[in-house]
Amino acid sequence: MFDFLTETLAGDEIKERSGETLNIAWSRPEAGIIVLQPTSGYRQNIIISAAIHGNETAPIEIINRLISDILANKYTLKVRVMVILGNLEAMRQSERYINVDLNRLFSDHYLQYSHCNETIRAAKLQQVVADFYAVDPDKPRSHFDLHTAIRASHHIAFGLLPYLDSGRYQSKMMNWLQSVGLEALVVNHAPAATFSYFTSHQFAANSCTLELGKANPFGHNDLQQFVGIEQGLIKLISEEVVDVSNSVELTVYNVADVIIKLSDQFKLNVADDAANFSEFPNGYIIASDCVNNDDDIEKNKNVIYQVQQENGYILFPNRNVKKGLRAGLLLAKGDLSAISGAS
């Protein structure tokens, strides 16, 4: 049997397009993508993705082991699952991306950029997702997009929930997230160009982005850190009931503001080595900027990002992004009961 990751790293050639094991039929519609389904039937469609950022290797290693174990009939597959490795060229070069961040290109945002490696891949991924969910449109849909963070974090493993108009997320998914060892959830406050928002908004999938530890080269990950996620994925594809009775309640954060770098005057008042979820007091100015706007009466407009709640928290701070891009998320504490309960 082929090794999915080894073959994908070697290039785009697909040596075997489809096949069957004792209980599973599999197919490979594109490089870095495999669909597996039980021959006895299934009740739901699940997408598991990784390598949307090519240098985030721990999730890649986890799902490659999962694929090998499924094909070896180590587990009883009870769902139809598509596994996606996202930015293949960046993965092969051990880079986050080649031209532009792939996770800013979904929901047709790739049309706003010049033709490049990532825009081609974003269009292709949107199509394979549409094709996958179209096969059984009435069956429940889920998507878990696995990442690792660039910097250290006060929460080693956490999830980011895409914006929903209702503000409430499926109870079954929330129980699963609580069972896999996540420490926190971040609730997005607006539509986005991320992969998980695309599947959630376009296909009503129960979607979540999972951040697992810190980015390391292949072979340098301590996968024991993520045994909860790996066991959770096994239960997910086996449709085993999860037990949350002994789980620690998740800390919930709401996105209070998106910090955008607008000019060269931008200042981020956060230490370069500050961990994700670092805490700041009420009134603290997280960032500031000065925009020269010729159409405004006040040509120089000051922009202030300030903690408005009792405490604020920073996520993904990065002062070195290009102008116009996100330089961080300002968070406020939320309530788990307020976002759970959808059927």
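The values are calculated or read from the model by the stated rules, or taken from the named source; none is laboratory data. Everything numeric in this text was worked out from a predicted model, so none of it was measured. Reconstructed Cβ throughout: ideal geometry from the backbone, glycine too, with neighbour counts over all protein chains shown.
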| said: Anything in the range 147-200 that is within 16 Å of the chain's Cα centre (by Cα), hydroxyl-bearing (Ser, Thr, Tyr) and assigned to a loop (DSSP other than H, G, I, E, B)? List them, or say none. | reply: 163, 194
| said: Quick check on residue 270: is it in a loop (DSSP other than H, G, I, E, B), over 18 Å from residue 183 (Cβ atoms), at pLDDT below 90 and of a type in the set (Val, Ile, Thr)? | reply: no
| query | Within the range 42-50, is even one residue crowded, with 21+ Cβ neighbours inside 10 Å, over 30 Å from residue 321 (Cβ atoms) and touching a Lys or Arg at 6+ places or on another chain (Cβ under 6 Å)? | reply | yes
| message | Suppose we keep only residues that are surrounded by fewer than 24 Cβ atoms within 10 Å (Cβ to Cβ) and not hydrophobic (A, V, I, L, M, F, W, C) within the range 55-73. Which one would you say is farthest from the chain's Cα centre (by Cα)? | response | 73
| field | The listed residue being within 19 Å of residue 196 (Cβ to Cβ) and of a type outside the set (A, V, I, L, M), out of 95, 56, 20, 13 | value | 56
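Results for (1) within 19 Å of residue 158 (Cα to Cα); (2) of a type in the set (Phe, Trp, Tyr); (3) crowded, with 19+ Cβ neighbours inside 10 Å, shown as yes or no for each residue.
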| residue | (1), (2), (3) |
| --- | --- |
| 228 | yes, no, no |
| 234 | yes, no, no |
| 238 | no, no, no |
| 241 | no, no, no |
| 248 | yes, no, no |
| 260 | no, no, no |
| 263 | no, no, no |
| 266 | no, yes, yes |
| note | residue 234: passes all of (1) at pLDDT 90 or above; (2) closer than 30 Å to residue 99 by Cα but (2)
| note | Selection from the range 93-117 of residues of a type outside the set (Gly, Ala, Ser) and loosely packed, with under 14 Cβ neighbours inside 10 Å yields 93, 95, 108, 111, 112, 115
| Enumerated strands (runs of 3 or more DSSP E) restricted to the range 28-115, each holding at least 2 residues that are over 23 Å from residue 191 (Cα atoms) | 33-38, 80-85
| task | Determine which single condition residue 226 fails, assuming it passes every other condition in (1) outside the structural domain of residue 149 (by TED's automatic domain parsing); (2) within 30 Å of residue 60 (Cβ to Cβ). | result | (1)
| task | From (1) under 22 Å from residue 153 (Cα atoms); (2) modelled with pLDDT of 95 or more; (3) surrounded by 11 or more Cβ atoms within 10 Å (Cβ to Cβ), pick out the condition that doesn't hold for residue 281. | result | (3)
